[in-house]
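Could you have a look at this structure, given as structure tokens, before my questions?
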Amino acid sequence: MDDGCVFGYPGPEDLPQLLAKGTAALREAHRQALAEPVEIIVEFETRLCAPLVPERPLTVVRVEADPLALHPALVRGTDDGVLLPPGTGVLDAEVGVAAFASSTGEVVGYTLACLWSTPQRKTVAVTLGPALVTEEELDGAAVFPFTVSVDDVAAAQGTVERGLLARRAEADRGPVGVLPARVRSLAAGAEFFVDAGLLGMFELRVGSGTGT
């Protein structure tokens, strides 16, 4: 992503392979994509999938509940939406930030994370995105503040300490999320909006989208 456009990386590696090589490989891939893109697409014409579907379960730390290991098949992008399971009238959302670490334990990026579940705490999906933000893009930020609104009305806010999240990911050598904010009873049609500054923002309508 650069200046409102998506630049296609010309190299043979996919994102998980680049992440495994660390931040130097990511910086070089970024340089190559800008210098010799295989394709350039205006951002509003793209469908934003999850910036990364982890190969290992995503461990999330929540309020008022035990940590949870989420299967990679539950991951959705911000443009995938979220569907209500049959017989379910509302969903709860738990919002925060996820960090991704390489196999060496080096944290290579952060992204917004939103866990969707039924009021009975049955997991439905986890939204990641809109982008994976690397260390050098964070300008020394020590915390990740974010706000949540529903139908243009403030619903929740939270802050994730970058150092704490990074230490958890480094220790686990895999993806870890901290979800400090919870919004309950979101019915179909609710406009759900998250703004996290440096980490970006996303909006979706509960109950719509592909759900995959």
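Among the strands (runs of 3 or more DSSP E) confined wholly to the stretch 9-83, which include 2 or more residues that are β-branched (V, I, T) and within 22 Å of R121 (Cα to Cα)?
In the stretch 9-83, 58-62 are the strands (runs of 3 or more DSSP E) which contain 2 or more residues that are β-branched (V, I, T) and within 22 Å of R121 (Cα to Cα).
For the stretch 65-82, check the following and say yes or no: at least one residue is in the same structural domain as T147 (by TED's automatic domain parsing), among the hydroxyl-bearing types (S, T, Y) and touching a helix residue (DSSP H, G or I) at 6+ places or on another chain (Cβ under 8 Å).
No; the residues of the stretch 65-82 include none that is in the same structural domain as T147 (by TED's automatic domain parsing), among the hydroxyl-bearing types (S, T, Y) and touching a helix residue (DSSP H, G or I) at 6+ places or on another chain (Cβ under 8 Å).
Please verify whether the stretch 165-178 includes one or more residues that are surrounded by 15 or more Cβ atoms within 10 Å (Cβ to Cβ), of a type in the set (A, V, I, L, M, F, W, C), touching a Cys at 6+ places or on another chain (Cβ under 8 Å) and within 17 Å of V97 (Cα to Cα).
There is no residue in the stretch 165-178 that is surrounded by 15 or more Cβ atoms within 10 Å (Cβ to Cβ), of a type in the set (A, V, I, L, M, F, W, C), touching a Cys at 6+ places or on another chain (Cβ under 8 Å) and within 17 Å of V97 (Cα to Cα).
Within the stretch 1-26, which residues are within 17 Å of P54 (Cα to Cα) and without any contact (Cβ under 8 Å) to a residue 12 or more places away in the chain?
Listed by number, the residues that qualify are D14, Q17, L18.
Considering each of T104, T147, T127 in turn, give the residue that is closer than 30 Å to K21 by Cβ, of a type in the set (V, I, T) and at pLDDT 95 or above.
So the residue among T104, T147, T127 that is closer than 30 Å to K21 by Cβ, of a type in the set (V, I, T) and at pLDDT 95 or above is T127.
When you scan the stretch 89-206 for strands (runs of 3 or more DSSP E) that lie fully inside it, which ones turn up with 3 or more residues that are under 17 Å from P54 (Cα atoms)? Don't jump to the end; show me each part of the working.
On the way: elements: 90-101, 107-117, 123-128, 143-150, 153-161, 176-187, 191-195, 201-205.
Ranges flagged: 90-101, 107-117, 123-128, 176-187.
Search the stretch 163-183 for residues that are over 13 Å from Y110 (Cα atoms) and pair each with any residue that is of a type in the set (F, W, Y) when their beta-carbon atoms are under 8 Å apart and the residues are at least 6 apart or on different chains.
From residues that are over 13 Å from Y110 (Cα atoms), the pairs are A181/F146; V183/F192.
In addition: Tell me, please, whether a residue that is over 28 Å from V178 (Cβ atoms), loosely packed, with under 12 Cβ neighbours inside 10 Å and free of Cβ contacts under 8 Å to residues at least 12 places away in the same chain can be found in the stretch 27-35.
The answer is yes; a qualifying residue exists.
Out of the residues in the stretch 36-53 meeting the condition of being out of contact with any strand residue (DSSP E or B) (no Cβ under 7 Å at 6 or more places or on another chain) and surrounded by 12 or more Cβ atoms within 10 Å (Cβ to Cβ), tell me which one is nearest to S102 (Cα to Cα).
Among those that are out of contact with any strand residue (DSSP E or B) (no Cβ under 7 Å at 6 or more places or on another chain) and surrounded by 12 or more Cβ atoms within 10 Å (Cβ to Cβ), it is C49.
The values are calculated or read from the model by the stated rules, or taken from the named source; none is laboratory data. As the structure is a prediction and not an experimental result, all values here were calculated from the model. Backbone-built Cβ (ideal geometry, glycine too); neighbour counts: all protein chains shown.
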